[in-house]
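Asker: Mind looking over this structure? Questions follow.
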Amino acid sequence: MATYRLASGWNQCLPRRQPHPPLGENLNVDVVIIGAGFTGIACANRWQALDPNAKIVLIDASEIGEGNPGRNSGFLLEIALAEDADPSNLSTMAEANRLTRAAMGTLSDAVSMFGDPSDLHRAGTYRAAASDVGLSSLAKYETFLKAAGLTYRRLSASELKQELGTDFYQAGLYSPDCYLAQPAAVIRALASTLPKTVQVYENTQALSVTPFAGAWRVQTPNGRLTCQKAVLANNAFATQLGFARSRMAAVYTYAGLTGPLSQRKLAELGSNPDWGLLPTHRFGSTLRRTHDGRLLIRSLHDYEKEREVSSIERALKLRLQRRFPQLNPIEFESIWGGAVGFTLNGGLVWGELEPSLYASCGCNGGGTVKGTLLGQLLAEHALGYEVPNVLALFGDASWMPPEPFRTVGFHATSLWQGWQGRHER
């Protein structure tokens, strides 16, 4: 169930929009897509383009901009994540990057037509290390970038201090192959590209998805949808409907966003007025400085359940103050959490899970651009078109042990990796 304790700070920065009404009747349609995020919207658009006569319904448990797509950190990468980069498999990664760049064009076009250009721009991204563990990961990623012939530049501690205003890090890399976004604004713009023939219902949670007389039935609180084909585009929450439980789990991460900082404080934050930084260790912290003078930090990890609000705020403030002690005290305008579809080996849950039931889940925190691509390809696959070998390119999610071993393993691994990466937090 895609409900959260706290509202998305990105969405709160935007004017209130009028959501589509929730489903309140029983309908018979051709296709039901569950999840109006990047994947679901891309799937609906592509499906309707290839099959204009199809009756398509798109439902979301929340509102567009308030769900997971409006809760991420706003990094739209055109190339592999650092933890996915494999210098020994460059041809596969080059093809994956080529497809991802094409999907990025879809997102850029949507914002150009229906949004504010300042909400999406190719600013690149920094990666920085604060310890020997981070430096080791940074070196591995540089090896990949060099082998792949991708542009980047190294930064010393003093250069990072000059550009970002923090002396927390020992070294870093800058890559231009990344867009930075106001994610709630981008998903709103993308939703505006949906043709009017696609019926959209917000605040409509899928309670169950069950086979029925050679078709599928999607039960919601106030209505039922019967369809010939169903698509799970709700990422981590697909497991709550009984699918992919042996291959995927929900991991919650948390963000804090300040209000616009004063000119005095901004003057202490380096020469780059609009940047994003990704950690080199999975338990490190993600940072953003936005074009309107805010700071964002994203950190912390919880398994299958959100933690208490007060502990989130304390931990995020401590991490931000360690990086920018000159700004102390730091106050957040918003804090919030979001669920990531986590798989053990970083692979996807993608394709036809059961006859006429399709899924694209398991983003592992990189689902914005890749999710757009995978949604488009899933529609083509479901309609019988030839598509690239998605699982060969991006990986097939491996089996996870059952409970309680999974929970015990997650916490044990988190403690060990958290201790290893403690200086990157």
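Asker: With each pseudo-label sitting 7 Å past Cα toward Cβ, what's the Q263-H411 distance in nm, one decimal?
Answerer: The two pseudo-label positions are separated by 5.2 nm.
Asker: Could you tell me which residue out of P260, Q219, N389 lies farthest along the dipole of the chain toward its positive end? Charges go on the beta carbon: Lys and Arg +1, Asp and Glu -1, centred on the Cα centre.
Answerer: Projecting each Cα onto the dipole axis, the largest value belongs to P260.
Asker: Which residue, chosen from G362, F75, T286, occupies the Cα position most advanced towards the positive end of the dipole of the chain, where the dipole is computed from +1 (Lys, Arg) and -1 (Asp, Glu) charges on Cβ about the Cα centre?
Answerer: T286
Asker: Please give the calculated 222 nm ellipticity per residue for the chain, where each DSSP H segment of at least 4 residues contributes -39500 (n - 2.57) and the sum is spread over every residue; nearest 500 deg cm²/dmol?
Answerer: Details: 11 runs with 129 residues, N = 425.
That comes out to -9500 deg cm²/dmol.
Asker: For the chain, with a Gaussian network of springs between Cα atoms less than 10 Å apart, report the residue from G337, G367, G259 with the top mean-square fluctuation.
Answerer: G259
Asker: I need the shape label for the range 90-138. Rule: rounded when a/c is under 1.5, else prolate if a/b > b/c, else oblate, with a, b, c from the alpha carbon gyration tensor.
Answerer: Values: a/c = 5.73, a/b = 1.57, b/c = 3.65.
Oblate is the answer for the range 90-138, as a/c is 1.5 or above yet b/c matches or exceeds a/b.
Asker: Using +1 on the beta carbon of Lys and Arg, -1 on that of Asp and Glu, and nothing else charged, what's the dipole of the chain about the Cα centre, debye to 20? If you can, show how the numbers build up before the last one.
Answerer: Numbers: 40 positive and 38 negative charges, 159 e Å.
Approximately 760 debye in magnitude.
Asker: Suppose every Lys and Arg Cβ carries +1 and every Asp and Glu Cβ carries -1, with no other charges. What dipole size does the range 359-425 come out with about its Cα centre, to the nearest 20 debye?
Answerer: Values: 4 positive and 5 negative charges, 73 e Å.
It comes to approximately 360 debye.
Asker: Here's a follow-up. Could you identify which residue out of G347, G134, G242 has the top mean-square fluctuation in a GNM of the chain using Cα springs shorter than 10 Å?
Answerer: G242
Asker: On to the next question. Please work out how much length the chain gains when fully extended from L135 to V309, using 0.36 nm per residue of separation minus the C-alpha to C-alpha distance, in nm with one decimal. Let's see the in-between values first.
Answerer: Details: separation 174, 0.36 × 174 = 62.64 nm, distance 3.23 nm.
Between L135 and V309, full extension yields 59.4 nm more.
Asker: Let me ask you something else. R154 to D51: FRET efficiency via 1/(1 + (r/R0)^6), r the Cβ-Cβ distance, R0 45 Å, to the nearest 0.05?
Answerer: Numbers: r = 49 Å, r/R0 = 1.09.
Between R154 and D51 the formula returns 0.35.
Asker: Which one, A123, A250, A238, has the greatest fluctuation when you compute a Gaussian network model over the chain with C-alpha springs under 10 angstrom?
Answerer: In the Gaussian network model the winner is A123.
Asker: Same structure again: For the pairs K146/K317; K161/K370; K161/K265; K140/K317; K140/K370; K229/K370, flag any whose C-alpha to C-alpha distance is greater than 25 Å. Provide the component values of the computation, followed by the final result.
Answerer: Numbers: K146/K317 36 Å; K161/K370 32 Å; K161/K265 15 Å; K140/K317 30 Å; K140/K370 22 Å; K229/K370 23 Å.
Distance filter (> 25 Å) returns K146/K317; K161/K370; K140/K317.
Asker: Give me E306, E333 ranked fewest to most by other Cβ atoms within 10 Å of their Cβ, as a rough exposure proxy. Spell out each step's value before the answer.
Answerer: Values: E306 18, E333 13.
Listed from fewest to most nearby Cβ atoms, that is E333, E306.
Asker: Listing R154, R127, R322 from the residue with the fewest other Cβ atoms within 10 Å to the one with the most, what is the order? List each step's numbers first, then the result.
Answerer: Numbers: R154 11, R127 25, R322 14.
Neighbour counts put them in this order, fewest first: R154, R322, R127.
Asker: Does anything in the range 1-32 have its amide N under 17 Å from the 7 Å Cα→Cβ label point of T210, and if so which residues?
Answerer: Backbone N within reach: 26-27.
Read the figures in this text as sums done on the coordinates, not as results from a lab. Since we're looking at a predicted model, the values are computed, not measured. Note that each Cβ is placed from the backbone with ideal geometry, even for glycine, and that neighbours are counted across all protein chains shown.
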